[in-house]
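Working notes, structure below.
The values are calculated or read from the model by the stated rules, or taken from the named source; none is laboratory data. For clarity, every value in this text was computed on a predicted model and none was experimentally measured. As a convention, Cβ positions derive from the backbone with ideal geometry for all residues, glycine included, and neighbour counts pool all protein chains shown.
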């Protein structure tokens, strides 16, 4: 399967390469700083504005480019350029995703914006409320975030030192106290942390220019007051959840398990959904031990480890296709083979729409089923009917049994199709293959309730339970 699709994906849609060249040029200019543009930087800013000339952003982007080239950099100009960059990457995302849907024969509805809040005749407008002091606190907090982000853009990554990186601390601390702005606070905190760890940035041999520009762009847009009032639309759904696999996101201070599944809703057609649960951690908790941090989600981890279905009742489903996971609204059911689900239901399931801020090529992660291929000895690529597809073995989590060696002996795979650095990649979530003439099947979530490999169990026993030790020490400290 997927042979025809791989042939169709061999070439990117028209305009993708040109759009990314404009983004790359602007990102390099942002790295040098918008406060001191040379001729090349001026061309990059003008090119970005020109790319959105025919859109509603056109006039603002052109004015922003002209002002910045003239040396008059204001916050509204930087916001306009951030919007233009996000729009260009959003258009690239849409072109790639449409191309992928066409090749897979997948149906995806357009994004539906949330309904406008009902107007109240006597209620003051947002601007009037802020002017009267009814809501000055949030406005001041967002202004503090924007001020730091604007200083970054003017200075450029290569000019960042410890003082500028640390200047975000006060704004982050204040915004973290506001639940409605937590998303922005965590984002800025992460960006500031990376800059602080890299300072002085000028001494770095290679900068993550695209990554930092992505984080800056998203933070600038989230720091606009209007974004805080535009929640993702949600609806309550009930039905049977058939899990395809789990994508484990590992970080020094957090772990997130993002489950990809097909939902059979009551009275509706099957649809592709996601459900994510997270937990804070320290950098000493790694490998299979990380699953113990998700002990508050026994239904979800039990479904992963036991390869079982889940019955959900009145669980919120966002317009992005993300279930807001609530354990008390989920119940474990009988066995459900992820490969059977992928073979029978995945192709016809309705795919979710992408929210505006999530429209970025790097966020494409579409569940697919592939079989009948041959694999390179390293497991880093597969070949099907003469067409080759790279395998993202670097994304295989250390918390599960799936390894590049197992991928190398596989003949069927449930995975995520991603687009990164100008090419499509397959990220395995589960494989079927043969080892020593015996069939094997491994999933990234098989150890969600503890490892099943005797060697790994012995290794963890020798090393000790880091999570239990840390919890016991934390408990002693709190009792003092």
Hey, does the range 258-269 have a residue that's over 21 Å from residue 441 (Cα atoms), in a strand (DSSP E or B) and within 16 Å of the chain's Cα centre (by Cα)? no
*asked:* So, residue 329, is that one closer than 28 Å to residue 112 by Cβ, buried (at least 17 other Cβ atoms within 10 Å of the Cβ) and out of contact with any strand residue (DSSP E or B) (no Cβ under 8 Å at 6 or more places or on another chain) or not?
replied: no
Selection from the range 394-411 of residues in a loop (DSSP other than H, G, I, E, B) and farther than 18 Å from residue 288 by Cα yields 409
In the range 248-278, anything at pLDDT below 90 and touching a strand residue (DSSP E or B) at 6+ places or on another chain (Cβ under 6 Å) is listed as 254
What do you reckon, is residue 301 assigned to a helix (DSSP H, G or I), touching a helix residue (DSSP H, G or I) at 6+ places or on another chain (Cβ under 7 Å), surrounded by 17 or more Cβ atoms within 10 Å (Cβ to Cβ) and modelled with pLDDT of 95 or more?
yes
Residue set 188, 243; condition surrounded by 21 or more Cβ atoms within 10 Å (Cβ to Cβ) and in the same structural domain as residue 23 (by TED's automatic domain parsing); output residue 188
How many residues of the range 152-166 are free of Cβ contacts under 8 Å to residues at least 40 places away in the same chain and surrounded by 16 or more Cβ atoms within 10 Å (Cβ to Cβ)? The answer is 2
